[in-house]
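No value in this document is a laboratory result; all are computed from the given coordinates. Quantities reported herein were computed from a predicted structural model and do not represent experimental measurements. Every residue, glycine among them, receives a Cβ derived from its backbone with ideal geometry; neighbour counts consider all protein chains shown.
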Ligand SMILES: NC(=O)c1ccc[n+]([C@@H]2O[C@H](COP(=O)([O-])OP(=O)(O)OC[C@H]3O[C@@H](n4cnc5c(N)ncnc54)[C@H](OP(=O)(O)O)[C@@H]3O)[C@@H](O)[C@H]2O)c1
């Protein structure tokens, strides 16, 4: 990560925002959100491989907001790098929901890094983020591109929630935060296929993480650690904690390690990421289910059978999503003070994810953010501006209690 020389405005680019993947489930919801929230002067395009499908999406969007009938359509296929370069050249910010990212994502990140174009995605695949760091961070630092992965439920509520919690604790002191997630959400085809892809590649994932650790320089005199505890009762949140090995903990600690100053997270930061269960009996069931699940997806025919349960392009109905919610509670301590905070919203996987992804792109395109470039996190790239946007859009960030 380096400081950018100038503010990332690219007046010569035809579009402020280009969305790649609008014909899919998460991409369609993101397109709906964008046409209702793009500033009046904002210019937007959809990119994809199938012109007929793109035109159908544009017709639907014009029905939602007739003022956006001039949405551009760009041909782009993730197997055709030249088409991705054209997309990157045409936009200030590229949004992509074309996943699994390990399968389809790398060439677009490289094109955005080369062309100095800001980039946001929905990946929750740790190996993809580490490989993109190794392949593109140095180029992006030179061109000024901000490459921000994991701009959905993975990992915005956790990354920005940890930042919000840290900002409610004494500055510049050693700090410990635990995050506790609860939700009743279900999956789309794209998410299921992405999770299966990553879980079937544990060894390459660990290799990429270790290559990254060797290559990455970190801020001198600063420590940030991801800790894993045993399941236990948490008196503050009133839940049983089950360690959750998702990408979120890595993103939070990366934010702490690479934040421009030690003011927010302090010189010695540790974070643990957990699911919160109300009932004790959920704990052994979850741990056994996790171990059996990981073992099962290493077997290709089992993986294929699971993948067939939800087809690509399918996801939970509007009715199901309206009944879905999430909370992430944080308990932070520093210099003898404890703070208990909560981030809360509706359907995390799709309704809120589309909002988070679109607001991240709009923040990069239109807000006055820190002048940084390279691979960034949502907290380091947009921080408070994105918290303000999401709060205005109906998600809540709140302090529940302080001691003393
Ligand atoms: N982290 C989170 O919180 C979160 C939440 C939701 C989703 N996600 C991730 O978002 C991604 C998308 O999920 P989804 O449910 O929206 O998937 P989906 O419905 O299957 O959509 C996939 C999209 O990718 C496009 N695509 C596939 N191959 C392509 C290619 N070669 N070139 C160009 N476009 C191609 C499809 O276009 P066609 O219509 O032309 O086939 C479609 O628009 C997944 O990786 C998922 O894990 C993450």
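Could you list, in sequence order, the residues of the stretch 77-98 that are within 9 Å of the ligand (Cβ to nearest atom) and under 19 Å from residue 358 (Cβ atoms)?
Those that are within 9 Å of the ligand (Cβ to nearest atom) and under 19 Å from residue 358 (Cβ atoms): 96, 97, 98.
Any residue in the stretch 157-165 that is within 16 Å of the ligand (Cβ to nearest atom), touching a helix residue (DSSP H, G or I) at 6+ places or on another chain (Cβ under 8 Å) and not in a helix (DSSP H, G or I)?
Checking the stretch 157-165: not a single residue is within 16 Å of the ligand (Cβ to nearest atom), touching a helix residue (DSSP H, G or I) at 6+ places or on another chain (Cβ under 8 Å) and not in a helix (DSSP H, G or I).
Evaluate the stretch 125-132: report whether one residue or more is part of a loop (DSSP other than H, G, I, E, B), surrounded by fewer than 22 Cβ atoms within 10 Å (Cβ to Cβ) and within 11 Å of the ligand (Cβ to nearest atom).
no
Counting only residues that are more than 25 Å from the chain's Cα centre (by Cα) and in contact (Cβ under 8 Å) with a residue 12 or more places away in the chain, how many does the stretch 268-286 have?
5
For the stretch 221-246, which residues satisfy the criterion of being assigned to a loop (DSSP other than H, G, I, E, B) and either in contact with a strand residue (DSSP E or B) (Cβ under 6 Å, 6 or more places away or on another chain) or closer than 22 Å to residue 335 by Cα (or both)?
Result: 221, 222, 227, 228, 229, 231, 235, 236, 237, 244.
Within the stretch 365-383, how many residues are out of contact with any strand residue (DSSP E or B) (no Cβ under 9 Å at 6 or more places or on another chain) and touching a residue at least 24 places away in the same chain (Cβ under 8 Å)? Don't jump to the end; show me each part of the working.
Filtering the stretch 365-383 down to residues out of contact with any strand residue (DSSP E or B) (no Cβ under 9 Å at 6 or more places or on another chain) leaves 367-368, 379, 383.
If we keep only those that are touching a residue at least 24 places away in the same chain (Cβ under 8 Å) too, we end up with 368, 379, 383.
Number satisfying all stated conditions: 3.
Among the residues in the stretch 111-121, are any within 28 Å of residue 244 (Cα to Cα), touching a residue at least 60 places away in the same chain (Cβ under 8 Å) and in contact with a helix residue (DSSP H, G or I) (Cβ under 6 Å, 6 or more places away or on another chain)?
yes
Looking only at helices (runs of 4 or more DSSP H) that lie completely in the stretch 47-123, which have at least 2 residues being within 24 Å of residue 350 (Cα to Cα)?
Helices (runs of 4 or more DSSP H) meeting the threshold: 51-64, 101-104, 106-115.
Taking the stretch 297-318, which residues are part of a helix (DSSP H, G or I), without any contact (Cβ under 8 Å) to a residue 60 or more places away in the chain and closer than 25 Å to residue 181 by Cα?
Passing the criteria: only 318.
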